[in-house]
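Everything on this sheet refers to the single structure shown next.
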Amino acid sequence: MVFLKDPCGIACLSFTYVAILYADFVVVRWIIIETMSDSSWGSFNIVLFNVILSLLLVSHFRAVFSDPGIVPLPRNRLDFSDIYSTQKNDCGHTGWTVCTKCETYRPPRAYHCCICKRCIRRMDHHCPWINNCVGERNQKYFMQFLLYVGLLCLYTFVLLAFSWTTECKVCGISILDRQARMMHSIILLLECILFGLFVLIILINQVQAIFEDETGVEQTQNMGNYRPRKPRLALLSDVCGRQYPILWLFPCTSVSKKFDTPLIDYHV
Ligand SMILES: [Zn+2]
Ligand SMILES: [Zn+2]
């Protein structure tokens, strides 16, 4: 289990949880109870909304606390003096390089993260919203988190639209309740637009990068992809696991270590 003590990451994490709990409170208290409590649709929507929300929290928890694919440090301190003097960073194994920041040998496609202060295998980017790097071992959970946030935003839009076209029981009785319901609905709508658009853009970007067989780091550094072209399904299963594709949607299965980038014997 990993957890970084990065103030920006911890602030973003706290904001995420407050936003999620607030959305749940408004949907249940001010939308569903006020407009659907006398039919079984009310209970159905409360259960469905909270099931998706639980999947979101589990995938987020796993993205936050999973090892993203940290390259272990060598068992013994290695002599890097010649590498510092010649600026040559090839260590002799095909595609392997030396990271002079954390002083380790790293496999191809591993990059150094300045916030985690370690090299991460297949590093995509460092994400403050999960206070962790997105890499080989947790990209699947990160994408599930984006998917569930997007799904909940869509669901909330539908519930909001329904509640605005349906008569509210308390609004006719109390002006204060009417104003509170209106205020919470507007804040929730803005929250959904903001988060919905944000996750949609990142999710499209993630899927595009996977289909291009490039990580976020490689895209920004414009390194060029000289690897042989793989089918899209194979590229997706590299990231999401080699199970049935339906299981890619659920945060319950683990990413098998069997398919990790192999390490050389300095580490194992
Ligand atoms: Zn490094
Ligand atoms: Zn990082």
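The values are calculated or read from the model by the stated rules, or taken from the named source; none is laboratory data. The structure displayed is predicted, hence computed values, not measured ones. Note: ideal-geometry Cβ built from the backbone for every residue, glycine included; neighbour counts use all protein chains shown. Each accessible area value is taken on the protein alone, full model and side chains, heavy atoms only, with ligands, DNA and RNA left out. Shrake-Rupley method; radii C 1.70, N 1.55, O 1.52, S 1.80 Å.
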> In the list L147, L190, which residue meets the criterion of being more than 16 Å from ligand 1 (Cβ to nearest atom) and loosely packed, with under 13 Cβ neighbours inside 10 Å?
Replying inline: L190
> From the list C133, C102, C116, C153, which residue is within 13 Å of ligand 1 (Cβ to nearest atom) and at pLDDT 95 or above?
Replying inline: C133
> So S66 fits all but one of (1) among the polar types (S, T, N, Q); (2) within 16 Å of ligand 2 (Cβ to nearest atom); (3) farther than 29 Å from Q144 by Cα; what number is the exception?
Replying inline: (3)
>> Please go through (1) at pLDDT 85 or above; (2) surrounded by 12 or more Cβ atoms within 10 Å (Cβ to Cβ) for F259 and return the number of the only condition it doesn't satisfy.
In response: (1)
> Given (1) at pLDDT 95 or above; (2) open to solvent by less than 30 Å² (accessible area, probe 1.4 Å); (3) in contact with a Ser or Thr (Cβ under 9 Å, 6 or more places away or on another chain), where does N138 come up short, assuming only one miss?
Replying inline: (1)
> Of all the residues that make up segment 118-173, how many are β-branched (V, I, T), more than 15 Å from the chain's Cα centre (by Cα) and either away from ligand 2 (no atom under 16 Å from the Cβ) or under 24 Å from I193 (Cα atoms) (or both)?
Replying inline: 6
>> Which numbered condition in (1) more than 18 Å from P108 (Cβ to Cβ); (2) touching a Leu at 6+ places or on another chain (Cβ under 7 Å) is the only one that M183 fails?
In response: (2)
> Given D82, D90, which one is away from ligand 1 (no atom under 12 Å from the Cβ), over 18 Å from Q221 (Cβ atoms), modelled with pLDDT under 90 and not β-branched (V, I, T)?
Replying inline: D82
>> Within segment 102-120, does at least one residue satisfy the condition of being within 30 Å of I246 (Cβ to Cβ) and either open to solvent by less than 20 Å² (accessible area, probe 1.4 Å) or of a type in the set (F, W, Y) (or both)?
In response: yes
